[in-house]
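Data block below; observations after.
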Amino acid sequence: MIQADRQPVKKLPPGPRCGRWWTTLQVLRSPRKAFQKWSCRYGDPFLIHALNGPIVVTGRPDLIREIFSQDPAHYDVFAMAAVQSILGAGSMLLMAGPRHRRERKLIMPMFHGDRMRAYGGIMQRIASTQMQTVERGPFAMLDLTTKISLQVIVEAVLGGERAESIDQLMSRARSLVEKSHPVLFFSPKMQFHFLGLSPWDRFTRAKTQLRNAFDAELLRRQQDPAPREDILSMLMEARYDDGTAMEPEHLYDELGTFLFAGHETSAIAMAWATYYLLTHPDKLARLKAELSSIDASRPGDLAQLPYLKAVVSESLRMNPIVTEVLRVLNTPMELGEFHIPAGVAVAPAAVMVHYDESVYDRPEQFQPERFLEKQYSAAEFLPFGGGARRCAGAAFALYEMAIILGTLFSKYDFRLLENRPVVPRRRNVTLGPSTGIQVQVRPV
Ligand code: HEM
């Protein structure tokens, strides 16, 4: 057979060989810098060997499209062994295949369409009352948005009827997120007890306390089974296709997942949006003009404002809170010109494609207008991941961010107190603005 007829043998992409610890450390410290460096050096996609396994990373829309459109049955959950003991086996984040599909079918209606209208009033009320607690002095915007988004998700889950259980759940959920040290996610070996002082000791204590608060709430509902409209009631009443309900263990894991996945992410995104608006007076003026053109006390109207939505999208583009999403192959995959064997993970990286100059004109600049002029595809704009695992709370989060930012910016003038550029810095499992965004306000 002549040489030219032969198909080239497809191989794994090249990538850095600097040791698993050093690779992981660089990704933890600044995924954007690390990925940029490696894609310049090795091309896109590239292969890294991280502490929790080999990963093929890409920011190419054509490859991202391929990954998101694959049959989800070909994927397993990344770092399952480590994350399972953190979130619990009943968390949707850790399900794969038919079990994951069945779970999404049950849960997605709780975060869709009509439900948003019910949450809108809660979001606006909480934004206004939390704002009153900080009005007087300088404060970190991230602290404010964290309090707001935490209370929003807790009230969406529990309903707003009992202030003391809301306060308790808020402080326990916050404590759980703060005790989620990134090392715990890398390997079960990091999850060891040591005289009650190790990161795992602190995390498990926080988890038990949250669990006790859920137990008390469940008991209270059994004793007083009045009809309620919150997510907990919907979860308790929901039935799978075979007529079965969620077991309590499973319910705890899902509730924990909503609190865990559903507040810090939105809080960071809103803090970044504030920072970009306050460093771009022309964009801020355009937003203020849009806000003053409607009755901003109506949450449904706020959520429809095109420029406000564009501001939210552009902030998520510039600082995607989840910098890359991961899936482990259980079947080999042809990805572009490469062959990826089973056992290797593939990772569409928002932090790469969001800065691709062939997709976004002048990607380093904050330009909400780009989202008014063009509709980006799911392979070009992926702050919520994509495919069969796309964020279950995306509609909720977008609605929440528009209502909270719209409420705050229509009622107050903010002044930025930062005199140096703010950069992303790792907090626990997420990256957030290094200073928290220091601001001062006065009512409009
Ligand atoms: C700005 C806010 C948020 C961002 C940036 C965000 C981002 C993400 C991302 C990137 C994923 C993984 C998607 C993938 O693997 O393709 C995810 C999954 C998930 N998120 Fe969010 N999220 C946000 C808010 C929320 C909220 C408010 C909730 C719940 C109320 C939520 C619940 C979930 C759940 C349950 C999953 C797992 C979905 C599955 O595995 O099928 N998220 N999120």
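The values are calculated or read from the model by the stated rules, or taken from the named source; none is laboratory data. Predicted model, so just to flag it, every value in this text is computed and none were measured. Please note: Cβ atoms are built from the backbone with ideal geometry, for glycine as well, and neighbour counts cover all protein chains shown.
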Query raised in the report: In segment 353-378, which residues are within 14 Å of the ligand (Cβ to nearest atom) and crowded, with 21+ Cβ neighbours inside 10 Å?
Result: VAL353, HIS354
Query - Every residue from segment 320-350 that is surrounded by 24 or more Cβ atoms within 10 Å (Cβ to Cβ) and in contact with a helix residue (DSSP H, G or I) (Cβ under 6 Å, 6 or more places away or on another chain) - result: PRO320, VAL346, PRO348, ALA349
Report summary line: Taking first residues from segment 296-308 that are farther than 22 Å from LYS283 by Cβ and touching a residue at least 60 places away in the same chain (Cβ under 8 Å) and second residues anywhere that are in a helix (DSSP H, G or I) and hydrophobic (A, V, I, L, M, F, W, C), the pairs with Cβ under 8 Å that are 6 or more apart or on different chains are PRO299/MET123; PRO299/ILE403
Requested in this report: Out of ARG202, ARG221, ARG211, report the one residue that is of a type in the set (Lys, Arg), at pLDDT below 85, surrounded by 14 or more Cβ atoms within 10 Å (Cβ to Cβ) and not in a loop (DSSP other than H, G, I, E, B).
Outcome: ARG221
Requested in this report: Can you tell me which residue within segment 1-24, out of those that are charged (D, E, K, R) and modelled with pLDDT of 65 or more, is surrounded by the fewest Cβ atoms within 10 Å (Cβ to Cβ)?
Outcome: ARG17
Query raised in the report: Within segment 304-313, is there a residue that is of a type in the set (Val, Ile, Thr) and under 17 Å from THR435 (Cβ atoms)?
Result: no
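Rundown of residues vs (1) in contact with a helix residue (DSSP H, G or I) (Cβ under 7 Å, 6 or more places away or on another chain); (2) within 16 Å of the ligand (Cβ to nearest atom); (3) acidic (Asp, Glu), yes/no style:
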residue	(1), (2), (3)
ALA394	no, yes, no
GLY406	yes, yes, no
SER410	yes, no, no
PHE414	yes, no, no
VAL429	yes, yes, no
ARG442	no, no, no
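Quick check: anything in segment 94-116 within 26 Å of THR274 (Cα to Cα) and either surrounded by 15 or more Cβ atoms within 10 Å (Cβ to Cβ) or more than 16 Å from the ligand (Cβ to nearest atom) (or both)?
yes
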Report summary line: Only unsatisfied item for SER293, checking (1) without any contact (Cβ under 8 Å) to a residue 12 or more places away in the chain; (2) within 21 Å of THR435 (Cβ to Cβ); (3) of a type in the set (Gly, Ala, Ser), is (2)
